[in-house]
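Data block below; observations after.
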């Protein structure tokens, strides 16, 4: 198994495949990602983040997690992985307070506790506050920037190694602008079932990128957590443009939707808002 060192290798371990079974017996898959919300004084609140519609009506849920081992005082992936299963799955999740923001999060603690009962430790590489740029910094980006999406499109994954799929594209609207007045932007990446909840990152791992503020090309690396995929514009056979949540399971429609290879992304700042809402809730309950 790869011991992650480069940014893209670390992103291999930043997501988790979510399998759900709804109360109606439907099977579905989605993408979650690990996020450590900074609380100050080097304390963090570990979370798993995905879309609300991924876990809606989910009676059972399963995560596939990498087992960690110690090597020279460091935690590394062992190459083995294991499932963590939960009943009443939807009840573990806390949704963003706005009905129009399709985000929710689950505390990582129940997963850690379940894993430790079986004698296993979990290896993750979590995204965190430091990867999210302020609105002011986002203005320094250009309209077209290279992005990657990490997740499980159409439920596809490397099931032998428990690894996600990367897709590369570009921003289709400027990341600093609220598309249609919402805290969202568009990417030029096709959004398929299973991709719901995938993190979208600006990733310049090697080579040259343009720094708008310095008005110069820069040699080096740059990684920014820009947001979370949740939907994709589609065109019906009659030519009507609609925006639909990316389903967690494959569906057959009498009216065939035509993909136009765009994805709708909730801005990463809303992940911070959700994380703070959970923090406030835990404080009220005396759990923080």
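Just so you know, all these numbers are worked out from the coordinates, no wet-lab data involved. From a predicted model like this one, the values you see are computed outputs, not experimental measurements. Here Cβ is always computed from backbone atoms with ideal geometry, including for glycine, and neighbour counts include all displayed protein chains.
Provide the FRET efficiency to the nearest 0.05 for the residue 76-residue 218 pair, computing r from the beta carbons and using R0 = 45 Å.
0.90
Would you mind classifying segment 7-129 by shape? Square roots of the alpha carbon gyration tensor eigenvalues, ordered a ≥ b ≥ c; an a/c under 1.5 is rounded, otherwise it is prolate if a/b is larger than b/c and oblate if not.
Oblate, because a/c is 1.5 or more while a/b does not exceed b/c.
Among 11-24, 209-222, 82-95, how do they line up by average Cβ neighbours within 10 Å per residue, starting with the highest?
Going by the mean number of other Cβ atoms within 10 Å, highest first, we get 11-24, 82-95, 209-222.
I'd like the antiparallel share, as a percent to the nearest 5, of DSSP beta bridges with both residues in segment 7-129.
95 percent
Given R₀ = 45 Å, what would the calculated FRET efficiency be for residue 114 paired with residue 144, taking r from the Cβ atoms and rounding to 0.05?
Here the calculated transfer efficiency is 0.55.
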